[in-house]
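Asks: To start, I am sharing the structure in question, which I have written as structure tokens.
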Amino acid sequence: MTVLRPRPLVAGNWKMNGNKHSARVLASIIQGYDAALRNKVDLLICPPATLTVTFGVVAVGSGVYIGGQDCHTKASGAHTGDISAVQLADSGATYVIVGHSERRADHGESNEVVRAKAMAARMSWLTPIVCVGETRAQREGGNALDIVREQLKDSLPETACGSDLVIAYEPVWAIGTGLIPTIAQVAEMHAAIREVLMARYGEAGAAIRILYGGSVKPDNAFDLLSVSHVDGALVGGASLEAADFLGIAEYYR
Ligand code: 13P
């Protein structure tokens, strides 16, 4: 039986980096996203919220999607400093990252809050990218699979039809460190995530993209992206340079 793989997605998470001049980087990414690549892979850039509108304008007609890095659980109201999914959609975003480990650590976000954010995103027709991943201590303690299964159980939205949900597996210890799991560890984790998705959503679970994130660079991307059930990457540092980001997407050409 041929197993259909979902259309891959290479996403850049710019975190708290970039300024009004960074539209040049996006323009270079768009320039390199030629017809051959557009045929094979989706590209997404999630800049800081201050740049969403500008980036949305620059990306019009290019096929490159723009996303947010977080959203509130509510659509509007007295929540100083927060941004809602409705506002992100209004600013030109079509995706939003929720539950990134930096949000979970810096802002104490629980799985339940992450789930509420994912649901809020979908209410605004944004595709949530739900992030999960174990710490170094959890990996060394042999608990990585259980931890991630538990995060998924409580962070995932109740329903999904396939393309309306993306999962990103990002081992916390691999983020910004240059360390990556072995190919066997990535394969084992992504297969386990696929199992959870199939059990939860039935056939739709096969169409949900599972991204790997954590120190993805052009020189390791080809190994990581070739792993079964790795449907793309969530890229931090290497998404800030057009050549590096495109170098990762090249895998799909
Ligand atoms: P790095 O690619 O910089 O390790 O960051 C990964 C990440 O956290 C993407 O969300």
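Asks: Quote the charge dipole size of the chain about the Cα centre in Debye, to the nearest 20; the model charges only the Cβ of Lys and Arg (+1) and of Asp and Glu (-1). Don't jump to the answer; show the numbers that get you there.
Replies: On the way: 22 positive and 26 negative charges, 83 e Å.
It comes to approximately 400 debye.
Asks: For region 175-253 and region 118-162, what is the separation of their C-alpha centers, rounded to whole Å?
Replies: 15 Å
Asks: Continuing with the same structure: Just from its helices, what would the mean residue ellipticity at 222 nm be for the chain, if runs of 4 or more DSSP H residues each count -39500 (n - 2.57) and the sum is divided by every residue, rounded to the nearest 500 deg cm²/dmol?
Replies: Value at 222 nm, helices only: -11500 deg cm²/dmol.
Asks: Separate question: Using modelled backbone amide H atoms (1.01 Å from N, in-plane), which distant-in-sequence or interchain residues come within less than 5 Å of residue 233's amide H?
Replies: 9, 10, 11, 212
Asks: Find, to one decimal place in angstroms, the Kirkwood hydrodynamic radius of the chain, where the mean of 1/r is taken over every pair of different Cα atoms and then inverted. Mind dumping the intermediate values first?
Replies: Working: mean 1/r = 0.0557 Å⁻¹.
Result for the chain stands at 18.0 Å.
Asks: Something else: What pairs from 20/217; 40/117; 40/217; 40/153 go past 23 Å between their alpha carbons?
Replies: On the way: 20/217 25 Å; 40/117 29 Å; 40/217 19 Å; 40/153 31 Å.
The answer is 20/217; 40/117; 40/153.
Asks: Multiply the residue gap between residue 199 and residue 149 by 0.36 nm, knock off their C-alpha separation, and tell me the result in nm, one decimal place.
Replies: Details: separation 50, 0.36 × 50 = 18.00 nm, distance 1.17 nm.
Computed gain between residue 199 and residue 149 is 16.8 nm.
FYI, it's all coordinate maths here, none of it is from the lab. As the structure is a prediction and not an experimental result, all values here were calculated from the model. No Cβ is skipped: glycine too gets one built from the backbone with ideal geometry, and neighbour counts run over all protein chains shown.
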